[in-house]
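Peer 1: This structure is in C-alpha cells; I'll ask about it shortly.
Quick note: the coordinates plus some simple rules give every number you see, no bench work behind them. Everything quoted here is computed from the prediction, not taken from an experiment. No Cβ is skipped: glycine too gets one built from the backbone with ideal geometry, and neighbour counts run over all protein chains shown.
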Amino acid sequence: MEKFDVTIIGSGPGGYVSAIRCAQLGFKVAIIEKYNTLGGTCLNVGCIPSKAWLEASEHYYKLQNQFQEFGINFKEASVDIVGMRNRVQTVVQEIINGVSYLMKKNKITVYTGVGTIKDKSTVEIKGEENTHTITTDKIIIATGSKPASLPGITIDKKRVISSTEALALKEIPKHLMVIGGGVIGVELGSVFARLGSKVSIVEYLDTLIASMDSSLGKQLYKSLRKQGMDFYLGTKVTKANVLDNEVQLIAENVANQKEMTLQGDYCLMAIGRKPYSDNLGLEELGIKTDKQGRINVDENLETNVKGIYAIGDVVRGAMLAHKASEEGVFVAETIAGQRPHINYALIPNIIYTQPEVAGVGLTEEVLKEAGRSIKTGSFPFKANARAKISMDTDGFIKVIADKETDEILGVHMIGPRIADSYTEAVVAMEFRASAEDIARMSHGHPTFSETFKEACLAATDDRPLHI
Ligand code: FAD
Ligand code: NAI
C-alpha cells in the first residue's frame, strides 16, 4: 500500500494549488480527482469557460455596436457557435494540460477515481476499472460545490439547465430565461444577450448582485438594460413546466403576490451553489457539517477530526477560486508548522460583465448599519479620457473612507478593465492606505486607473480635478 504525507481529495483551484504548495514544502503528495481532467469546477465548467465565452461574445457585440463609430466598416458579421465553443474548449484544454504538467513537475501522484475516507489515515480510490487504497498522515478535503436548484424544479439538463450545460450549448437560445440575478445570471445572461438571444432575468430581491454595494447593482441594471436584457426584480420563481421544446416559468411579484408567466426555449437555474461532499464518508467518520451542508472547520481549516482539513467551496465563506487557492496554501503551510494568515476581509469579488464590477472591503450599507463615521467619494468613467477613447464610459469608482482617519474602508468599482485594475485598491487596503495617500500618487495619463485617484481625491475632501 503506497504511503503519502498528504492526500488531497479534489483537484479544483483549492486542491491542486494546495498539492503544489505541499510538494514545495517537501511532502510526498497524492491528489485524487473523480473526473478524467484536473482543475475542478473553475477550470472545466466555471471561471475559465465562462470568461472565454464572455470574451468571444464581447468581440461580437463590439463589432456590431461600436466598430463603425471607430471608423471601421465591415460587410456582415455572424456567429459560428461551434467555432466559438471549440475556441473555449481549446483554452480550457491548454490550461488543463498546464495543471497536469505542474503535477508532474512537483512529483505529485495523481489518482483518477472517487476518493472515500476510510479512517483518518486511509483513503480508498474507486476508479472505473479498479480500486486502490493508500495510507496518509494528513487529508485535505477540497471537493467543491454543485449547482443548487429550487424545490419542485428539476434541472433536466436539456431545457432547464445549470451553468454547466449553458457553457456547452450547441445553439443560441431564442429566449433564455434566467432564475437569479446573481453572478452567474448576469455573466451568462450577458453572453447570450450579446450573441442575439432575448434574455429575461427573474430575481427574487429588488436588486441585482445583492451581496455587493447597492450602487453597483443599480448601475449594472442600467448598463445591461441598455444592452437589451430584460429584468423582473422583486419576483420569485415558483415553478417551471417543461413543454416539449419550451419551458414555462411561473413567478410571483414578492410585494403583491401577482402571478406572471414567461415562456422560452431554455431556463438557466442560477440561484447559488451548494457544497459537495457526497461519497466522502463524512458520517462514518463523524465529521461535522452545518445546516447548509458545509464542512465545519476551525481557524486552521481543520475539521473536528484531527489531521483532516477542508478548504474552498465545501467550507464557509465566499465560493471563489482565489479564496479556495489561498486556503490550499494556508493548510499546506499549517501542516508544515508555519503560521500563515489569510485576510478574508480583502478577498476580491469580481463580475466579468461589461462594464466589469468589483468590490473589496466593506459596503456603505454595512458601514452605516454598524454606525461607522464615514465619507465617500465617487468619480464617473465618463469623465475619464482613456474610457472616452475606448468608448467604455459606463460606470464609476466609489471610495469609502473613515471620516476621522481617512483610512480606506471599501472600494466599489464598475467600469472598464476593473477586474485587473482594481488590484490597486486591494494593495492600498492591505497596506491600510488613506484616501489621500492614493490621491497624492501620480497615476499615468491617460489610464482607466486615474478614476481611482480622482475618487480618492473626492473622498479626501471633495476635490476631484476633472469634474
Ligand atoms: P472545485 O473547483 O469545485 O473542485 C472540486 C473537485 O473535487 C471537482 O473536480 C470534483 O470532481 C472533485 N471531487 C468531488 N468529490 C470527489 C471525490 N469524492 N473524489 C474525487 N474527486 C472529487 N470563481 C472565481 O473566483 N472567479 C470566477 O470567474 C468564477 N467563475 C465561475 C463561473 C461559473 C459558471 C461557476 C459555476 C463558478 C465560478 N467560480 C468563479 C467559482 C469557482 O469555480 C469555485 O469557487 C472554485 O472552483 C472552487 O474551488 P474548489 O477547489 O473548492 O472546488
Ligand atoms: P448567487 O448567490 O450569486 O445569486 C443567486 C441569486 O438567485 C440571488 O440573487 C437570489 O436572490 C436569487 N434567487 C434565489 N431564489 C430565487 C427565486 N426563487 N426566484 C428568483 N431569484 C431567486 O448565485 P449564482 O449566480 O448561482 O452563483 C453561484 C456562485 O458561483 C457565486 O456566489 C460565486 O461564488 C460563484 N461564481 C463566481 C463568479 C465570479 O467570481 N465572477 C462567476 C460565477 C459564479
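Peer 1: Rank the residues V315, V191 as a footprinting-exposure proxy: fewest other Cβ atoms within 10 Å of their Cβ go first.
Peer 2: With the sparsest Cβ surroundings first, the list reads V315, V191.
Peer 1: Going by the alpha-carbon gyration tensor, a ≥ b ≥ c the square roots of its eigenvalues, is the range 160-271 rounded (a/c under 1.5) or, if a/c is not under 1.5, prolate (a/b greater than b/c) versus oblate?
Peer 2: Oblate, because a/c is 1.5 or more while a/b does not exceed b/c.
Peer 1: Using alpha carbon centroids, what distance separates the range 71-128 and the range 310-387, in Å?
Peer 2: For the range 71-128 versus the range 310-387, the Cα centre distance is 26 Å.
Peer 1: I would also like to ask the following. Label the chain by shape, choosing from rounded, prolate and oblate, from the square roots a ≥ b ≥ c of the eigenvalues of the Cα gyration tensor; if a/c is under 1.5 it is rounded, and otherwise prolate applies when a/b is larger than b/c, oblate when it is not.
Peer 2: Taking the square roots of the gyration eigenvalues as a ≥ b ≥ c, the chain is oblate.
Peer 1: Let me ask something else. Within the set of other residues whose C-beta is less than 10 Å from the C-beta of I125, count the net charge using Lys and Arg as +1 and Asp and Glu as -1.
Peer 2: Net of charged neighbours comes to 0.
Peer 1: Just want to confirm a number: the relative contact order over the chain, from Cα pairs under 8 angstrom separated by 6+ residues, in percent.
Peer 2: Computed over the chain, the figure is 14 percent.
Peer 1: Take the Cβ-Cβ distance between Q24 and N253 as r, set R0 to 51 Å, and report the resulting FRET efficiency rounded to the nearest 0.05.
Peer 2: That gives a FRET efficiency of 0.40.
Peer 1: Please compute the net charge surrounding T41, taking Lys and Arg as +1 and Asp and Glu as -1 over other residues with Cβ under 10 Å from its Cβ.
Peer 2: +1
Peer 1: In addition: Counting other Cβ atoms within 10 Å, keep those with at most 10, restrict to DSSP loop, and tell me which GluC sites (Glu not before Pro) in the range 151-243 are left.
Peer 2: Answer in residue order: E171.
Peer 1: Next question. Using a/c under 1.5 as the rounded threshold, could you call the range 254-362 rounded, prolate or oblate? The axes a ≥ b ≥ c are square roots of the C-alpha gyration tensor eigenvalues, and prolate needs a/b larger than b/c, oblate otherwise.
Peer 2: Note, shape of the range 254-362 comes out oblate.
Peer 1: Still on this structure, please answer the following. Ranking D244, D137, D298 by Cβ neighbours within 10 Å, fewest first, what do you get?
Peer 2: By the 10 Å Cβ count, ascending, the order reads D244, D298, D137.
Peer 1: When Y16, Y276, Y101 are ordered from fewest to most other Cβ atoms inside 10 Å of their Cβ, what list results?
Peer 2: Y101, Y276, Y16
Peer 1: Stokes-Einstein diffusion coefficient for the range 355-461 at 25 °C in a medium of 0.890 mPa s, Rh from the Kirkwood formula over Cα pairs: what value in µm²/s?
Peer 2: D = 182 µm²/s.
Peer 1: Using packing as a proxy for protection, rank 124-132, 416-424 so that the peptide with the highest average count of other Cβ atoms within 10 Å comes first.
Peer 2: Descending mean neighbour count gives 416-424, 124-132.
Peer 1: Any cysteines in the chain with zero other Cys Cβ atoms under 4.7 Å from their Cβ? List them, or say none.
Peer 2: Lacking a cysteine Cβ partner under 4.7 Å: C22, C267, C456.
Peer 1: Which entries of K239/K368; K158/K239; K75/K218 have Cα-Cα distances beyond 26 Å here?
Peer 2: K239/K368; K75/K218
Peer 1: Same structure again: For every helix of n ≥ 4 consecutive DSSP H residues, a contribution of -39,500 (n - 2.57) applies; sum these over the chain, divide by its total residues, and give [θ] at 222 nm rounded to the nearest 500 deg cm²/dmol.
Peer 2: It comes out at -9500 deg cm²/dmol, rounded to the nearest 500.
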